[in-house]
Amino acid sequence: MIRSENLRSGYIQDDVEEYLYKLLPERDAVIGEMEKYAEEHRVPIIGPAVARLMTLLVQVSGAKRIFEMGSAIGYSTIWLARAAGPQAEVFYSDGNPENARRAEEYFHKAGVSKRIRVHVGDALELVNKTPGKFDFIFNDVDKQQYPDAMRAALPKLKRGGLFVTDNTLWSGKAARPAAADDKDTLGVQEFNRLVYASKELFPVLIPLRDGVTVCRKS
Ligand SMILES: C[S@@+](CC[C@H](N)C(=O)[O-])C[C@H]1O[C@@H](n2cnc3c(N)ncnc32)[C@H](O)[C@@H]1O
């Protein structure tokens with residue numbers, strides 16, 4: 001299997017998803033090692049298909065100052081840092097210090113440590129208290145926190161900046177009625193409603209892997 005189990009979308013037909021992943025070029029040794037680790041330890045990374053979309057968005061927008069909310073082992077952080085180049089400043093944030101320790105090892109191996117600032121703690125608080133505004137904010141925290149993550153991120157995003165959020169179809173569950181105790185699905189649904197209702201955002205929900213919402217702030 002080309003597309004590993006931890007990257008299964010849950011709503012795209014298997015053969016179509018396999019085809020999409022087969023098209024992707026091989027990754028380098030560090031990214032390959034991280035994908036293997038994520039698969040073996042069930043770490044929920046964005047994976048290479050969404051990582052390429054992030055790369056494209058960073059390169060087309062020219063983003064240099066980037067904040068990531070929910071970085072885990074730093075897989076998406078490395079893609080962002082590479083896309084933004086040596087002049088970039090990319091803020092890693094995660095609540096788990098063990099994740100941050102592992103991520104720092106990978107940043108070193110990938111040769112991007114100098115452009116990454118590692119912060120451990122609540123990403124919603126960290127984005128708020130980090131001085132200055134950002135060109136690009138990537139949101140990948142716990143799904144029940146998505147509405148609050150949006151409220152925390154938007155004041156910190158420059159006008160014309162991109163606010164990108166992963167898992168906005170949530171294995172397809174976002175499209176169906178959610179049980180009252182399914183806080184993650186309810187969080188994603190409320191987030192989707194909020195971004196499309198916002199007067200300052202122009203959102204597009206892309207049904208790639210688990211759903212990625214790209215919003216430009218006006
Ligand atoms: C889906 S994983 C991130 C994966 C990463 N973006 C990637 O694609 O490589 C979510 C991570 O967010 C962290 N997290 C969740 N809520 C958080 C919060 N409020 N503040 C900081 N970290 C949080 C979890 O510890 C977990 O490591």
- helices (runs of 4 or more DSSP H) contained entirely in region 45-116, each with at least 2 residues that are under 15 Å from the mean Cα position of the chain (by Cα) and free of Cβ contacts under 8 Å to residues at least 60 places away in the same chain: 47-61, 75-84
- Test: residue in region 117-139 that is closer than 16 Å to VAL214 by Cβ and surrounded by fewer than 23 Cβ atoms within 10 Å (Cβ to Cβ): yes
- Item | Whichever residue in region 6-35 is within 19 Å of ASP142 (Cα to Cα) and of a type outside the set (Ser, Thr, Tyr) and, among such residues, is most open to solvent (accessible area, probe 1.4 Å) | ARG8
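Name the one entry in LEU20, LEU24 that is more than 16 Å from the ligand (Cβ to nearest atom), touching a helix residue (DSSP H, G or I) at 6+ places or on another chain (Cβ under 8 Å) and among the aliphatic types (A, V, I, L, M). Walk me through it before giving the result.
Values: LEU24 fails: more than 16 Å from the ligand (Cβ to nearest atom).
Answer to the check: LEU20.
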- Matching option when the condition is on the phi > 0 side of the Ramachandran plot and within 12 Å of the ligand (Cβ to nearest atom), among GLY62, GLY160, GLY70, GLY111: GLY70
- Message: Of everything in region 121-140, what is among the hydrophobic types (A, V, I, L, M, F, W, C) and more than 9 Å from the ligand (Cβ to nearest atom)? Give them in sequence order.
- Response: VAL127, PHE134, PHE136, ILE137
- Query: PRO147 fails exactly one of the following numbered conditions: (1) under 17 Å from PRO203 (Cβ atoms); (2) more than 13 Å from the ligand (Cβ to nearest atom); (3) open to solvent by less than 60 Å² (accessible area, probe 1.4 Å). What is the number of that condition?
  - Reply: (2)
- Task: Counting only residues that are out of contact with any Pro (no Cβ under 6 Å at 6 or more places or on another chain), of a type in the set (A, V, I, L, M, F, W, C) and under 27 Å from ASN6 (Cα atoms), give me the strands (runs of 3 or more DSSP E) lying completely in region 144-218 with at least 3 of them.
- Result: 157-166, 201-206
- Message: Please go through (1) open to solvent by 30 Å² or more (accessible area, probe 1.4 Å); (2) small (Gly, Ala, Ser); (3) within 16 Å of the ligand (Cβ to nearest atom) for ALA38 and return the number of the only condition it doesn't satisfy.
- Response: (1)
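The values are calculated or read from the model by the stated rules, or taken from the named source; none is laboratory data. What you are looking at is a predicted structure, and each value in this text was computed from that prediction instead of being measured. As a convention, Cβ positions derive from the backbone with ideal geometry for all residues, glycine included, and neighbour counts pool all protein chains shown. Please note that ligands, DNA and RNA were not included when accessible areas were found on the heavy atoms of the full protein model with its side chains. Shrake-Rupley method; radii C 1.70, N 1.55, O 1.52, S 1.80 Å.
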